[in-house]
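Beneath this line is the structure, given in structure tokens, with notes to follow.
The values are calculated or read from the model by the stated rules, or taken from the named source; none is laboratory data. Everything quoted here is computed from the prediction, not taken from an experiment. Quick reminder, even Gly has a Cβ in these numbers, built from the backbone with ideal geometry, and neighbours come from all protein chains shown. Remember, those area values only see protein heavy atoms, side chains included, never the ligands or the DNA or RNA. Shrake-Rupley method; radii C 1.70, N 1.55, O 1.52, S 1.80 Å.
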Amino acid sequence: MSWVPQVDLAHPDAAAMIDEACRRAGFLTVVGHGVADEVIDGAWLTARAFFDLAPAEKLQVAMPHPGYPYGYSPVAGETLARSLGNGGAPDLKESFAIGPVRPPTHAITDPDEAFAWSANLWPQSLPQLRPAWEQYFCELTDLSARLLRLMAVGLGMPEHHFDPMIDRHTSAMRALSY
């Protein structure tokens, strides 16, 4: 399909535009999202700086055990094909991931939920990574809520219909380097 719908979230009819894009294409790109260029650049530049660190420095924040959700995974540290039951060679990428940065406001009793709230790991040798990534993560969290509110309106629902479904999200953010 050659038509990639683009929706300007600052447009007064953004909800209707999202609705149309989802009905026609099933996906969309957004502009006018309000995430400052400085925030985006900060996340990008610190991710690049992280991957440029010496291997020993990156390994200081390696995922402490297989399956841990956050931290660093080196080249060949993961094998997507194997997780899909296909065997295969290790992935030729390295990654760094974080999870929620705002502490939960509710009691966590479910082990699976506790796992998703595992601690983020931050490299001591790159102290600017944490504030840049936490700010970007929070901005994207807020953007996700705004998008869902626009989608609700586009579907003819109350604007805050989806809010209770995302108030305890355990989203993750991940950078890859190939």
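Residues of the stretch 160-170 being loosely packed, with under 14 Cβ neighbours inside 10 Å and under 27 Å from R24 (Cβ atoms), which ones?
Of everything in the stretch 160-170, those that are loosely packed, with under 14 Cβ neighbours inside 10 Å and under 27 Å from R24 (Cβ atoms) turn out to be H160, D163, M165, I166.
Quick one: is Y72 touching a residue at least 12 places away in the same chain (Cβ under 8 Å), in contact with an Asp or Glu (Cβ under 8 Å, 6 or more places away or on another chain), open to solvent by less than 80 Å² (accessible area, probe 1.4 Å) and hydroxyl-bearing (S, T, Y)?
Yes; evaluated as a whole, the condition is true for this residue.
Can you tell me which residue among G99, G87 is touching a Ser or Thr at 6+ places or on another chain (Cβ under 9 Å), of a type outside the set (D, E) and closer than 30 Å to I18 by Cα?
Exactly one of G99, G87 is touching a Ser or Thr at 6+ places or on another chain (Cβ under 9 Å), of a type outside the set (D, E) and closer than 30 Å to I18 by Cα, namely G99.
Only residues that are open to solvent by less than 50 Å² (accessible area, probe 1.4 Å), free of Cβ contacts under 8 Å to residues at least 60 places away in the same chain and part of a loop (DSSP other than H, G, I, E, B): list them for the stretch 19-35, please.
A25, L28, G32
Among the residues of the stretch 46-70, which ones are among the hydrophobic types (A, V, I, L, M, F, W, C) and farther than 21 Å from S118 by Cβ? Working first, answer last.
Applying the first criterion (among the hydrophobic types (A, V, I, L, M, F, W, C)) to the stretch 46-70 yields 47, 49-51, 53-54, 56, 59, 61-63.
Across the stretch 46-70, the qualifying residues are A49, F51, L53, A54, A56.
I'm trying to understand the selection: among the residues of the stretch 54-90, which are more than 21 Å from the chain's Cα centre (by Cα) and closer than 13 Å to W122 by Cα?
E57, L59, Q60
Return the residues of the stretch 123-177 that are closer than 17 Å to A49 by Cβ and more than 18 Å from the chain's Cα centre (by Cα); say none if nothing qualifies.
If the condition is that a residue be closer than 17 Å to A49 by Cβ and more than 18 Å from the chain's Cα centre (by Cα), then P123, Q124, S125, L126, P127, Q128 are the ones that fit.
Being open to solvent by less than 30 Å² (accessible area, probe 1.4 Å) and closer than 28 Å to L143 by Cβ is the filter here; which residues of the stretch 39-68 pass it?
Once the filter is applied, which keeps residues that are open to solvent by less than 30 Å² (accessible area, probe 1.4 Å) and closer than 28 Å to L143 by Cβ, the stretch 39-68 yields V39, G42, A43, T46, A47, F50, F51, V61.
Which of the residues spanning the stretch 134-159 are of a type outside the set (A, V, I, L, M) and either open to solvent by 40 Å² or more (accessible area, probe 1.4 Å) or assigned to a loop (DSSP other than H, G, I, E, B) (or both)? Walk me through it before giving the result.
Here is the first cut: in the stretch 134-159, the residues of a type outside the set (A, V, I, L, M) are 134-139, 141-142, 144, 146, 149, 154, 156, 158-159.
Hits for the stretch 134-159 are E134, Q135, Y136, E139, D142, S144, R146, R149, G156, P158, E159.
Matching residues to (1) of a type in the set (A, V, I, L, M, F, W, C); (2) within 19 Å of L129 (Cα to Cα); (3) out of contact with any strand residue (DSSP E or B) (no Cβ under 8 Å at 6 or more places or on another chain):
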site	(1), (2), (3)
L28	yes, no, no
G77	no, no, no
A81	yes, no, yes
I108	yes, no, yes
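Quick check: anything in the stretch 117-133 surrounded by fewer than 16 Cβ atoms within 10 Å (Cβ to Cβ), among the hydrophobic types (A, V, I, L, M, F, W, C) and part of a helix (DSSP H, G or I)?
Looking through the stretch 117-133, none of the residues is surrounded by fewer than 16 Cβ atoms within 10 Å (Cβ to Cβ), among the hydrophobic types (A, V, I, L, M, F, W, C) and part of a helix (DSSP H, G or I).
Can you find a residue that is free of Cβ contacts under 8 Å to residues at least 12 places away in the same chain, surrounded by 11 or more Cβ atoms within 10 Å (Cβ to Cβ) and of a type outside the set (F, W, Y) anywhere in the stretch 89-105?
no
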